[in-house]
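Here is the structure we will look at, set down as structure tokens.
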Amino acid sequence: EPEVTQTPSHQVTQMGQEVILRCVPISNHLYFYWYRQILGQKVEFLVSFYNNEISEKSEIFDDQFSVERPDGSNFTLKIRSTKLEDSAMYFCASSALQNTQYFGPGTRLTVL
Amino acid sequence: SQQGEEDPQALSIQEGENATMNCSYKTSINNLQWYRQNSGRGLVHLILIRSNEREKHSGRLRVTLDTSKKSSSLLITASRAADTASYFCATALYNFNKFYFGSGTKLNVKP
């Protein structure tokens, strides 16, 4: 069964460093998303992406964040200058048109 | 905020019993979905119910949706220890650009 994959599973970085989280969505899906979950808290929407542009973003998704679909398969989330409070699980999701969102296993980001 | 809110926050039952979790939301939705999350792991999709549906079944899962009350319930029948997880509802608006997740119900099924 097709699934969303994410790499790395765990990323440790120093405050102020740039990180890129990678996702490979399900191949025939058209909508792509990033969410994050701070330990013990809700899953929070960050951004949605369709037709090579951002459809919607939350207030969390400030200028430090960017997304890209550099080729036909990868979908990346870049954090330019990480802060301690960026430590969280980051989930990528994809969906076909107006359908279920399928989530990847997540990348645990630890900012020291 | 559109976010769904589940209750109870935590539920502990014996294996074989039924577990019922509720979700409430605030504005009109396109659909509502339930997800399961095992501790520290990803979100697994369980079931989707559209705004024009009232009830849906999938195996031991039964989901209801009452759009007049802006609420949904997830029933797990004949629970198993492997059902121990957190359960989240997620609502999608009509533009379908994002989901709003609730805080989740932490279910513990004791063997």
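Taking the conditions (1) buried (at least 22 other Cβ atoms within 10 Å of the Cβ); (2) closer than 15 Å to residue B:31 by Cβ; (3) free of Cβ contacts under 8 Å to residues at least 60 places away in the same chain in turn, residue B:76 satisfies each one other than (2).
Results for (1) among the β-branched types (Val, Ile, Thr); (2) more than 9 Å from chain A (Cβ to nearest Cβ); (3) more than 17 Å from residue A:102 (Cβ to Cβ); (4) in a loop (DSSP other than H, G, I, E, B), shown as yes or no for each residue.
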residue: B:22; (1), (2), (3), (4): no, yes, yes, no
residue: B:29; (1), (2), (3), (4): yes, yes, yes, yes
residue: B:32; (1), (2), (3), (4): no, yes, no, no
residue: B:41; (1), (2), (3), (4): no, no, no, yes
residue: B:56; (1), (2), (3), (4): no, yes, yes, no
residue: B:72; (1), (2), (3), (4): no, yes, yes, no
residue: B:108; (1), (2), (3), (4): no, yes, yes, no
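Taking strands (runs of 3 or more DSSP E) as the structural unit, those lying wholly within the range A:28-68 and holding at least 2 residues that are under 26 Å from residue B:39 (Cα atoms) and either within 14 Å of the chain's Cα centre (by Cα) or at pLDDT below 90 (or both) correspond to A:31-37, A:43-50. What are the residues in the range A:70-106 that are among the hydroxyl-bearing types (Ser, Thr, Tyr), in a strand (DSSP E or B) and buried (at least 20 other Cβ atoms within 10 Å of the Cβ), if any? Scanning the range A:70-106 gives A:90, A:94, A:95, A:102. Taking (1) at the interface with chain A (Cβ under 10 Å from one of its Cβ atoms); (2) in contact with a Phe, Trp or Tyr (Cβ under 7 Å, 6 or more places away or on another chain); (3) crowded, with 17+ Cβ neighbours inside 10 Å in turn, residue B:48 satisfies each apart from (2).
A residue that is within 13 Å of chain A (Cβ to nearest Cβ) and more than 30 Å from residue A:54 (Cα to Cα) occurs somewhere in the range B:90-105. Within the range A:86-105, being of a type outside the set (A, V, I, L, M, F, W, C) and modelled with pLDDT under 95 holds for A:94, A:95, A:98, A:99, A:100, A:101, A:102, A:104, A:105. Candidates in the range A:24-44 are the residues that are in contact with a Ser or Thr (Cβ under 7 Å, 6 or more places away or on another chain) and crowded, with 21+ Cβ neighbours inside 10 Å; of these, the one that is nearest to residue B:104 (Cα to Cα) is A:33.
Exactly one residue among A:111, A:67, A:47 is of a type in the set (Val, Ile, Thr), in contact with a strand residue (DSSP E or B) (Cβ under 7 Å, 6 or more places away or on another chain), within 9 Å of another protein chain (Cβ to nearest Cβ) and surrounded by 17 or more Cβ atoms within 10 Å (Cβ to Cβ), and that residue is A:47.
The values are calculated or read from the model by the stated rules, or taken from the named source; none is laboratory data. Please read these numbers as outputs of a predicted model, since none were measured by experiment. Heads up, the Cβs are rebuilt from the backbone with ideal geometry, glycines too, and the neighbour counts pull from every protein chain shown.
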